[in-house]
Amino acid sequence: MNTTAHPKRSLPMPLWLQGSVELALVALASYLTVVLLLVAVWYTNGFNSSGTLAGAVSVAGHLWLLVHGVPLNMNIPEQGVFSAVTGTMSLVPLGLTLIPLALCYRSGRRLARASYEGQFWQPLAGGLLAYAVVGAGVSLLSTNDFFSTSPVLAALVPLWVAALGIISGGYAESRSLAAMIGVNAAEWVKKFSQY
């Protein structure tokens with residue numbers, strides 16, 4: 001009987017799972033960046049003296065969703081000399097949008113390196129699903145009496161940033177659309193051309 005220990009072979013992570021983990025981490029990293037910025041403002045008493053840490057984190061969640069283009073519903077009652085504010089705000093601070101876009105670009109490059117030809121759609125689909133779940137979660141956790149966002153819009157609207165970053169990063173790494181989707185368009189046109 002052979003008593004020597006053999007190292008265990010680890011199974012490779014499925015591409016859809018790798019994309020899910022990668023994009024969930026990207027979403028959380030960009031969210032935590034915004035949270036840290038607003039917690040720093042709160043800590044230095046940048047908000048009014050009655051502001052709480054939970055309020056700062058809630059505002060950070062709404063700002064993270066605004067960064068991705070999710071409209072914010074406001075229902076602020078009259079306060080002192082300020083009149084009541086109700087309605088929907090759509091403001092995309094493009095400077096902050098570069099943070100998740102750059103992180104998604106980096107993830108797209110990593111996922112393209114991990115994919116074989118024609119399999120890039122698997123980590124893309126898994127990653128976008130994870131990004132949508134994080135977006136809906138941030139919407140649900142950030143809702144308060146004055147500000148709210150639709151969880152459905154919070155799940156769907158941020159996908160443009162994630163998809164743009166992943167696809168451009170994947171293309172930059174593979175340098176070929178055929179490697180990403182598995183179809184060589186030039187060969188396909190040549191095969192079905194009337195000439």
Sulfur and carbon atoms: percent of accessible area, region 27-83 [1.4 Å]: 68 percent
In nm, spacing of pseudo-spin labels at Arg106 and Trp121 (7 Å Cα→C-beta vector): 2.9 nm
Distance (nanometres) between label positions extended 7 Å along Cα→Cβ at Ala172 and Ala84: 4.8 nm
Nitroxide proxy distance, nm - points 7 Å out along Cα→Cβ at Val92 and Leu32: 2.7 nm
Of all accessible heavy-atom area on region 114-160, the percent that carbon and sulfur account for (1.4 Å): 73 percent
Accessible area per residue in Å² at 1.4 Å probe, computed on region 66-137: 55 Å²
Solvent-free Debye scattering, log10 I(q)/I(0), computed from the Cα coordinates of region 85-179 at q = 0.10, 0.11, 0.23 Å⁻¹: -0.32, -0.38, -1.14
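The values are calculated or read from the model by the stated rules, or taken from the named source; none is laboratory data. From a predicted model like this one, the values you see are computed outputs, not experimental measurements. A quick note on method: Cβ atoms are made from the backbone with ideal geometry, for glycine too, and the neighbour counts reach across all protein chains shown. Heavy atoms of the whole protein, side chains included, go into the accessibility calculation; ligands, DNA and RNA do not. Shrake-Rupley method; radii C 1.70, N 1.55, O 1.52, S 1.80 Å.
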